[in-house]
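What follows is a single structure, written as structure tokens, with notes after it.
The values are calculated or read from the model by the stated rules, or taken from the named source; none is laboratory data. Nothing here was measured: the structure is a model prediction, and the numbers come from that model. Here the Cβ is made from the backbone with ideal geometry for all residues, glycine too, and neighbour counts use every protein chain on show.
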Amino acid sequence: ARDLWSTFRRHPWLAPAMSLTRPQPLPGAMPFSEWVLATLAGQGLDLQTAFTCYLALINYIRGTAVNLETEAEAQAATGLDSEEWMDAHEPELRAVFAAGGFPTLDRLATEGYDFDLDLLFEFGLQRILDGIAVLVATARP
């Protein structure tokens with residue numbers, strides 16, 4: 001999973017070019033698919049469940065990576081990275097919060113949040129893998 005994320009990091013155009021609903025036969029990607037399916041089936045999951053886990057994992061990785069190309073394009077167009085863009089738009093955000101109705105978001109803006117796509121990816125990946133581990137544990141006799 002981390003290798004796929006690294007590939008998407010090196011080639012930001014790749015994630016948007018891939019399709020989950022209309023997959024293309026990509027011989028270079030099939031060893032990973034085979035490994036995941038064989039591993040999950042070997043742990044007691046039926047093939048339908050194993051493939052569903054595989055699709056959820058791939059969809060998460062791809063879905064997070066889609067932001068890479070979009071961010072690169074936005075940075076090229078504006079000359080601002082995401083942190084600089086947020087800093088530039090903070091007064092607008094604060095004005096919305098000042099109007100009321102968003103106390104938790106206001107608190108978050110005051111405390112700050114260090115957005116890092118790699119850390120976000122790792123956090124989500126661990127939650128998915130933890131969930132699959134529970135599924136595997138319940139599949140064993």
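Pairs linking a residue in region 58-77 that is under 16 Å from residue 123 (Cα atoms) to a residue that is among the β-branched types (Val, Ile, Thr) and assigned to a helix (DSSP H, G or I), with Cβ atoms under 7 Å and 6 or more positions apart or on different chains, are 60/128.
Evaluate the following for residue 57: is it of a type in the set (A, V, I, L, M, F, W, C), in a helix (DSSP H, G or I) and surrounded by 15 or more Cβ atoms within 10 Å (Cβ to Cβ)? Taking the combined requirement at face value, the residue satisfies it.
For residue 80, the criteria (1) aliphatic (A, V, I, L, M); (2) farther than 30 Å from residue 134 by Cα; (3) assigned to a helix (DSSP H, G or I) hold in every case but one, which is (3).
For region 81-114, a residue qualifies if it is hydroxyl-bearing (Ser, Thr, Tyr) and over 23 Å from residue 71 (Cβ atoms), and the qualifying residues are 104, 110.
What residue, of 107, 62, is over 27 Å from residue 8 (Cβ atoms), basic (Lys, Arg), surrounded by 10 or more Cβ atoms within 10 Å (Cβ to Cβ) and out of contact with any strand residue (DSSP E or B) (no Cβ under 8 Å at 6 or more places or on another chain)? Give the steps one after another, and end with the answer.
Details: 62 fails: over 27 Å from residue 8 (Cβ atoms).
Among 107, 62, only 107 is over 27 Å from residue 8 (Cβ atoms), basic (Lys, Arg), surrounded by 10 or more Cβ atoms within 10 Å (Cβ to Cβ) and out of contact with any strand residue (DSSP E or B) (no Cβ under 8 Å at 6 or more places or on another chain).
Across region 1-19, the qualifying residues are those that are among the basic types (Lys, Arg) and modelled with pLDDT of 90 or more, and the one among them that is surrounded by the fewest Cβ atoms within 10 Å (Cβ to Cβ) is 10.
Tell me which residues, restricted to region 120-141, are outside any helix (DSSP H, G or I) and of a type in the set (D, E, K, R). Don't jump to the end; show me each part of the working.
Restricting attention to region 120-141, the residues satisfying the condition of being outside any helix (DSSP H, G or I) are 140-141.
Passing the criteria: only 140.
Restricting attention to region 88-119, the residues that are over 30 Å from residue 4 (Cβ atoms), part of a helix (DSSP H, G or I) and among the hydrophobic types (A, V, I, L, M, F, W, C) add up to 9.
Taken together, the residues in region 20-46 that are modelled with pLDDT under 90, assigned to a helix (DSSP H, G or I) and not hydrophobic (A, V, I, L, M, F, W, C) amount to 2. Which number in (1) at pLDDT 90 or above; (2) among the hydroxyl-bearing types (Ser, Thr, Tyr); (3) surrounded by fewer than 15 Cβ atoms within 10 Å (Cβ to Cβ); (4) farther than 20 Å from residue 123 by Cα marks the one condition that residue 49 misses? For residue 49, the failing item is (3).
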